[in-house]
Amino acid sequence: MFNLVLFGPPGSGKGTQSENIVKSYQLQHISTGDLLRSEVSRHTPLGTEAKKYMDQGMLVPDEVVIGMISSKIDETPDARGFVFDGFPRTRTQAEALDKLLEFKNTKIHLVLSLEVPEQDLIARLVNRGITSGRSDDNEEVITARIKEYHSKTEPVARYYNEHGKLERVPGHNSVPDTFKLLSKHITKYLLPVA
Ligand code: B4P
């Protein structure tokens, strides 16, 4: 089993690149953003709670997200591996993920951090907001999301760096060029299937 964390600020391309990675390497994709948006659109109690935070650009509480991840991993016990997209976003989530995976006799093998200048992040997300209908893709909420990233999520990169798992990858190039850079790191562990 090979488990990858795709890390980076809002709009760095985690969702975009995850799609390519899961196709090429036949891995399971777990995106906490997608899972939360699905709960919101189905008006579940979890979704109603999460929406309050997401609409303000704040992180959803750790216990909500960790519970969701645990049941998602259990859905595909025979997976070749997982791509965690947008998770972990706090040190508490990172420690919880390590424990969950240890319990399943596996671990995080690699963390790829997409590095993109802040002005590009804002431009991408504002642009997406024009068509996405996402309530968190307007300039005010985007600024709050980036602030939340610096205060709560950046420490996760330090955590993985201390464990020797972090690789920083430039993410400001085109989608295919960025995918090539990410693939260089992944193929040290796993060969592409497609
Ligand atoms: P997410 O859904 O994870 O979204 P994101 O960080 O904004 O986007 P991502 O980095 O995936 O960018 P994307 O590829 O889409 O989070 C949304 C919210 O959910 C959070 O704010 C939080 O409230 C909550 N949440 C999620 N996970 C959580 C957790 N673990 N704990 C607590 N709360 C959590 O790309 C963005 C845009 O850029 C797209 O339009 C794309 O087309 C474009 N793009 C991508 N790559 C490009 C490139 N190379 N060049 C040009 N444009 C590019």
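The values are calculated or read from the model by the stated rules, or taken from the named source; none is laboratory data. The structure displayed is predicted, hence computed values, not measured ones. Every residue, glycine among them, receives a Cβ derived from its backbone with ideal geometry; neighbour counts consider all protein chains shown. Accessible surface is based on the protein model in full, side chains and every heavy atom, while ligands, DNA and RNA are left aside. Shrake-Rupley method; radii C 1.70, N 1.55, O 1.52, S 1.80 Å.
Could you run through the stretch 167-194 and say how many residues are of a type in the set (Gly, Ala, Ser), loosely packed, with under 14 Cβ neighbours inside 10 Å and in contact (Cβ under 8 Å) with a residue 12 or more places away in the chain? Before the answer, list the steps.
First pass over the stretch 167-194, keeping only residues of a type in the set (Gly, Ala, Ser): 171, 174, 183, 194.
Among the residues that remain, those that are also loosely packed, with under 14 Cβ neighbours inside 10 Å are: 174, 194.
Next cut, in contact (Cβ under 8 Å) with a residue 12 or more places away in the chain only: 194.
Within the stretch 167-194, residues that are of a type in the set (Gly, Ala, Ser), loosely packed, with under 14 Cβ neighbours inside 10 Å and in contact (Cβ under 8 Å) with a residue 12 or more places away in the chain number 1.
Test Asp55 against the criterion of being more than 22 Å from Thr106 (Cα to Cα), open to solvent by 30 Å² or more (accessible area, probe 1.4 Å), within 13 Å of the ligand (Cβ to nearest atom) and modelled with pLDDT of 95 or more, and give yes or no.
On the way: more than 22 Å from Thr106 (Cα to Cα): yes; open to solvent by 30 Å² or more (accessible area, probe 1.4 Å): yes; within 13 Å of the ligand (Cβ to nearest atom): yes; modelled with pLDDT of 95 or more: yes.
Yes, satisfied.
Could you please find all residues in the stretch 14-52 being small (Gly, Ala, Ser), touching a residue at least 60 places away in the same chain (Cβ under 8 Å) and either surrounded by 21 or more Cβ atoms within 10 Å (Cβ to Cβ) or more than 8 Å from the ligand (Cβ to nearest atom) (or both)? Show your work before the answer.
Going residue by residue through the stretch 14-52, those that are small (Gly, Ala, Ser) are 15, 18, 24, 31, 33, 38, 41, 47, 50.
Adding the requirement that they be touching a residue at least 60 places away in the same chain (Cβ under 8 Å) leaves 15, 18, 24.
Passing the criteria: Ser18, Ser24.
Kindly evaluate Arg80 against the criterion of being open to solvent by 40 Å² or more (accessible area, probe 1.4 Å) and under 15 Å from the mean Cα position of the chain (by Cα).
Values: open to solvent by 40 Å² or more (accessible area, probe 1.4 Å): yes; under 15 Å from the mean Cα position of the chain (by Cα): no.
Taking the combined requirement at face value, the residue does not satisfy it.
Would you confirm whether any residue within the stretch 183-191 is within 12 Å of the ligand (Cβ to nearest atom) and touching a helix residue (DSSP H, G or I) at 6+ places or on another chain (Cβ under 9 Å)? Give the steps one after another, and end with the answer.
Restricting attention to the stretch 183-191, the residues satisfying the condition of being within 12 Å of the ligand (Cβ to nearest atom) are none.
Checked against the condition, which is being within 12 Å of the ligand (Cβ to nearest atom) and touching a helix residue (DSSP H, G or I) at 6+ places or on another chain (Cβ under 9 Å), the stretch 183-191 yields no hits at all.
Restricting to the stretch 63-80, what's the tally of residues that are assigned to a helix (DSSP H, G or I), among the hydrophobic types (A, V, I, L, M, F, W, C) and more than 25 Å from Ala144 (Cα to Cα)? Please lay out each step first, then the result.
At the first step, the residues of the stretch 63-80 found to be assigned to a helix (DSSP H, G or I) are 63-75.
With among the hydrophobic types (A, V, I, L, M, F, W, C) added as a condition, the list becomes 64-66, 68-69, 73.
Subsequent filtering for residues that are more than 25 Å from Ala144 (Cα to Cα) retains 73.
Residues in the stretch 63-80 being assigned to a helix (DSSP H, G or I), among the hydrophobic types (A, V, I, L, M, F, W, C) and more than 25 Å from Ala144 (Cα to Cα): 1 in total.
Here is a list: Val141, Val126, Val83, Val60. Which entry is in contact with a helix residue (DSSP H, G or I) (Cβ under 7 Å, 6 or more places away or on another chain), part of a helix (DSSP H, G or I) and either closer than 21 Å to Glu19 by Cα or β-branched (Val, Ile, Thr) (or both)?
Val126
For the subset of the stretch 83-97 comprising residues that are of a type outside the set (S, T, N, Q) and open to solvent by 40 Å² or more (accessible area, probe 1.4 Å), which member is nearest to the ligand (Cβ to nearest atom)? Can you show your working first?
We begin by selecting, within the stretch 83-97, every residue of a type outside the set (S, T, N, Q); these are 83-89, 91, 94-97.
Imposing the further condition that a residue be open to solvent by 40 Å² or more (accessible area, probe 1.4 Å) reduces the set to 89, 91, 95.
Working: Arg89: 4, Arg91: 12, Glu95: 13 Å.
Looking at the filtered set, the residue picked out is Arg89.
From the set of residues in the stretch 109-123 that are within 12 Å of the ligand (Cβ to nearest atom) and part of a helix (DSSP H, G or I), which is surrounded by the most Cβ atoms within 10 Å (Cβ to Cβ)?
Leu121
Looking at Ile66 and the list (1) more than 18 Å from Gly15 (Cβ to Cβ); (2) away from the ligand (no atom under 12 Å from the Cβ), which single condition is not satisfied?
Going through (1) more than 18 Å from Gly15 (Cβ to Cβ); (2) away from the ligand (no atom under 12 Å from the Cβ) one by one, Ile66 breaks only (2).
Taking Tyr149, is it among the hydroxyl-bearing types (Ser, Thr, Tyr), at pLDDT 95 or above, out of contact with any helix residue (DSSP H, G or I) (no Cβ under 6 Å at 6 or more places or on another chain) and within 12 Å of the ligand (Cβ to nearest atom)? Break it down into steps so the answer makes sense when it comes.
Values: among the hydroxyl-bearing types (Ser, Thr, Tyr): yes; at pLDDT 95 or above: yes; out of contact with any helix residue (DSSP H, G or I) (no Cβ under 6 Å at 6 or more places or on another chain): yes; within 12 Å of the ligand (Cβ to nearest atom): yes.
Considered against the rule, which asks whether it is among the hydroxyl-bearing types (Ser, Thr, Tyr), at pLDDT 95 or above, out of contact with any helix residue (DSSP H, G or I) (no Cβ under 6 Å at 6 or more places or on another chain) and within 12 Å of the ligand (Cβ to nearest atom), Tyr149 comes out as yes.
Do we find that Thr106 is assigned to a helix (DSSP H, G or I) and more than 10 Å from the ligand (Cβ to nearest atom) in this structure?
On the way: assigned to a helix (DSSP H, G or I): no; more than 10 Å from the ligand (Cβ to nearest atom): yes.
Here the answer is no, as Thr106 does not meet what is asked.
When you check Thr106 against the structure, is it over 21 Å from Ser18 (Cβ atoms) and touching a residue at least 12 places away in the same chain (Cβ under 8 Å), yes or no?
no
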